[in-house]
Amino acid sequence: MSALSIGLFDPEHGLNVSARAGATLLFEGGRADVRDGGPEIEATRKGWQARLGEDFDVKLEPVADGAVLGDVTVHVCRVTGRIGGHKARCLGTVADTREPPAWDELDALRSIAAVFDTENAFLALARRPRGAIGHDAEDVSGWLLSEGEVVDLDETRLSTVYDGNGRQRSAGLELWTPAHEFPLRGSGTVVAGTSLALEGLDVHAAAFRWRMDDREGAGAYELWLRSEPEPA
């Protein structure tokens, strides 16, 4: 059975939301709040409706075909409704995960969403196999929407700068396409973040500010790490 999660990116009001079954992360400015419960997400004729108490009540309508990133399909969406006490007119994502990650085969999972406007966005999902050393061994799936058209990517490269606790602080993107001799480049910096310890997993979730060419946008960078039990 598939599972839905959403991201809401409202830079005008300094708000970001990452919500899925069991947990919701709310970022406002540099502050992060965690809710134990997930949102109610319903399919509608045009997309989805997502609600969580007083935190948000929004409609999400896709602006392009979904990005297939392995077992996950992600839709970039136009968002309208309410986030907190603000009227929302921004962008977001809806991710449909058909199969949960096989953590007995993985050491890490990274997901990136960078949205600039309804015609320009970038999404990526990177899986690091168990026992792999560094990013070079990751399986990276990338998706680029440019000027309203989905662009084929030959290769997607992600680089990350971490702090002393392993949390993502900034990131660089290199997107290689068949039509360009040199890669398209982008970069992102953290706006706010938080860390969670789940059963068998450490999660570092962050709201990011992204830049690509002359465009500035908002989005997220989440890092999921398989945690080993402490030795007896």
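Read the figures in this text as sums done on the coordinates, not as results from a lab. Computed from a predicted model, the values in this text were never measured in an experiment. Note that we place each Cβ from the backbone using ideal geometry, even for glycine, and neighbour counts take in every protein chain shown.
Counting residues in the chain as N, plug N into 2.2 N^0.38 Å and put the Cα Rg over that result.
0.97
Quick one: if you stick a label point 7 Å off each Cα along the C-beta vector at residue 49 and residue 71, how many nm between them?
My value for the distance between the label points is 3.1 nm.
At R0 = 45 Å, how high is the FRET efficiency between residue 216 and residue 104 if r is their beta carbon distance? Nearest 0.05 is fine.
It comes to 0.70.
If eta is 0.890 mPa s and T is 25 °C, what Stokes-Einstein diffusion coefficient results for region 3-97, Kirkwood Rh from Cα pairs, in µm²/s?
The Stokes-Einstein estimate is 186 µm²/s.
Going by amide H atoms built from the backbone, whose H comes under 5 Å of the H on residue 218, apart from near neighbours?
Amide H neighbours of residue 218, under 5 Å, 5+ apart: 115, 210.
Could you give me the percent of Cα pairs per 5 Å distance bin for region 175-232, shortest bin first, beginning at zero and ending with the bin that holds the maximum distance?
4, 16, 16, 15, 13, 13, 9, 7, 4, 2, 1
Quick one, what does Rg over Rh come out to for region 106-226 if you take C-alpha atoms and the Kirkwood Rh? Intermediate results must be reported in sequence, preceding the final value.
Values: Rg = 14.4 Å, Rh = 14.8 Å.
Looking at region 106-226, the ratio lands at 0.97.
Mind checking the dipole of region 3-97: about its Cα centre, +1 per Lys or Arg Cβ, -1 per Asp or Glu Cβ, Debye to the nearest 20?
It works out to roughly 280 debye.
Taking 0.36 nm per residue of sequence separation and subtracting the Cα-Cα distance, how much length would be gained by fully extending the chain between residue 118 and residue 82, in nm to one decimal?
11.1 nm
Starting from the Cα-Cα distance between residue 12 and residue 202, subtract it from 0.36 nm times their residue separation and give me the gain in nm to one decimal. Could you put the intermediate results ahead of the total?
Working: separation 190, 0.36 × 190 = 68.40 nm, distance 3.03 nm.
Between residue 12 and residue 202, full extension yields 65.4 nm more.
Relative contact order (percent) for region 3-97, with alpha-carbon contacts under 8 angstrom and 6 or more residues of separation?
25
For region 102-118, take each phi angle, set θ = phi - 60°, evaluate the Karplus expression 6.51 cos²θ - 1.76 cosθ + 1.60, and give the result in whole Hz per residue in order, putting x for glycine and proline.
8, 5, 6, 10, 10, 9, 7, 9, 10, 10, 10, 10, 10, 10, 10, 6, 5
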